[in-house]
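A short reminder: the numbers here are calculations on the coordinates, not readings from a lab. Since we're looking at a predicted model, the values are computed, not measured. Cβ atoms come from the backbone with ideal geometry, glycine included; neighbour counts cover every protein chain shown.
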Amino acid sequence: MLAKRIIPCLDIKDGQTVKGINFENLRSAGDPVELGAEYSRQGADELVFLDITASHEGRKTFVDLVRRIARHINIPFTVGGGIHELRDVDKLLGAGADKVSVNSAALRNPDLISEIAQNFGSQVCTVAIDAKFDGGEWTCYLNGGRIPTERKLFEWAKEAQERGAGEILFTSMNHDGVKQGFANEALRTLSESLNIPIIASGGAGAMSHFSDVFTEGKADAALAASIFHFKEIGIQELKKYLCEKGIAVRK
Amino acid sequence: MNVVIIKYNAGNIFSVDNGLKRIGIEAEITGDADKIRAADKVIFPGVGEASTTMAYLHQSGLDKVIVDLRQPVFGICIGLQLMCAHSEEGNVDCLGIFEERVKKFVPNNPADKVPHMGWNTVQHNGNALFSGVSQEDYFYYVHSFFAEKGKNTIATTDYIQPYSAALQRDNFYAVQFHPEKSGAVGERILKNFIELIN
């Protein structure tokens, strides 16, 4: 049976993981490769590395980092952040990333999704959507949730699928950082109206939130950051918990 | 040991090379027919579209080179599909090493997502390729097309319906999942191919 996936997300700046990620058994807590390898050992199913570097120099560092991750990590990983055009995708896949995640650039230029799918296949193309529930509907946001758009979540996700997205990574801005659970209702609507996998993001605070997002939210995968980085929840204990709840996970 | 990875117009070839490096194997990535023929072990990996990759294999003459190999050959992902008789992807005749045919997943209900993406279990028949691998172990898959079950099937996975997770005929082995992305158990498969298959 296809397992539900648990995906830690690491923010990267200038080639290092950002802020306070603390694993005392690692020599360098800031090294994304060591942290990623540790998550792989703990049983993470995939990893996401988000480049939040702004500078051009930092970008080059990120491509070098992707090359190092690909050499050392034996589970799939997605990279995102700062992908504007096909050339960026080519560079990152060439360095060994399994998938790329596009967000603002796809909203600004939806053809980018089609181009990625046509050139590299749908399976490499994750479309990330940041959306906020406001005034009775889910509005998509640009630039890490700073700029609202005319786009609505469900229609945009559908269009992304039609253009060739291989997965949708949906972050609820209402739930992100609040640690009260995922946006299960919206996730369920997404999952039931699309036929590509849905990754849930935003709101993980307890192990029960993960079982809820897989049963009520019908998500195929769940992504979280701080709750894993600060060891509030261990991946092994989370999987044991989900298994006891009758949810298929890779042990 | 001289291990060669076939270079052609498919993606993801370097990730198999990285996987081999992690188990201490230095492979040569080449499209050169003589080097491929001279290798002890040949790996035929990649992700891509069936009809465009087949067209390239025809044009380059690699199709005949692969079919005539007598040393152990290991197809991965699109490699497995191209070793089958025919693929619905681009409706193309493939290498015909396995008589099984490649079909597109057709979802039965909204819970059946395509591509089949993520970790799934494999029921194998004890073939040496799966030595030390339990029936509960998970492997990483990303694919929208699958090889049907047939007489060369040595392992199955159940997604929408049971299909060939692995095929074998004579010196030809192939898996649909990605051993190079399947953690420690995936590395075991790569090791088995290198060490146990002769």
Fill in the blank from the handout: Connecting every pair of Cα atoms under 10 Å apart in chain A and solving the GNM, the largest mean-square fluctuation among A:ALA70, A:ALA219, A:ALA160 falls on A:ALA70
Completion exercise
Mean projected area (nm²) from the convex hull of Cα positions in the protein assembly as shown is 20.0 nm²
Practice task
Work out which helices of chain A, taken as complete DSSP H runs, extend at least 20 Å along their axis over the Cα atoms and score a mean Kyte-Doolittle of 0.5 or more, then list them.
Solution key: none
Handout entry: Principal semi-axes in Å for chain A [√(5λ), Cα gyration tensor, largest first]
Key = 24, 24, 17
Practice task
Sort B:MET117, A:MET173, A:MET1 so the one with the fewest other Cβ atoms within 10 Å of its own Cβ comes first.
Solution key: A:MET1, A:MET173, B:MET117
Completion exercise
GNM on chain B, Cα springs under 10 Å; top mean-square fluctuation among B:GLU100, B:GLU26, B:GLU136 goes to B:GLU136
Practice task
Tell me which residues come under 5 Å, amide H to amide H, from B:LYS113 once H is placed; ignore anything under 5 positions away on its chain.
Solution key: none
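For region B:66-198, state the semi-axes of the equivalent ellipsoid (square roots of 5 times the eigenvalues of the alpha-carbon gyration tensor), sorted largest first and rounded to whole angstrom.
Taking √(5λ) for each eigenvalue gives 22, 19, 11 Å, largest first.
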Handout entry: In Hz, Karplus ³J(HN,Hα) per residue of region A:245-250 (6.51, -1.76, 1.60; θ = phi - 60°; x = Gly, Pro)
Key = 7, x, 9, 6, 9, 7
Completion exercise
chain A, Gaussian network, Cα under 10 Å: of A:GLU216, A:GLU85, A:GLU155, the residue fluctuating most is A:GLU155
Completion exercise
Once normalised by the length of chain A, the mean sequence separation of its alpha carbon contacts under 8 Å that are 6 or more apart gives a contact order in percent of 18 percent
Exercise for the section: Could you work out the local net charge near B:SER144, counting Lys and Arg as +1, Asp and Glu as -1, over the other residues with Cβ closer than 14 Å to its Cβ? Expected result: -2
Fill in the blank from the handout: Dividing the mean separation of Cα pairs under 8 Å (6+ apart) by the residue count of region B:85-148 yields a relative contact order in percent of 35 percent
Practice task
Taking the Cβ of each residue in A:CYS140, A:CYS243 as the centre, tally the other Cβ atoms inside 10 Å and list the residues starting with the fewest.
Solution key: A:CYS243, A:CYS140
Problem - Relative contact order, percent, region B:3-196 [alpha-carbon distance under 8 Å, six or more residues apart] - result: 19 percent
Fill in the blank from the handout: By Cβ neighbour count within 10 Å, fewest first, B:TYR138, B:TYR173 rank B:TYR138, B:TYR173
Problem - Dipole magnitude of region A:5-244, debye to nearest 20 (Cβ charges: Lys/Arg +1, Asp/Glu -1, about Cα centre) - result: 440 debye
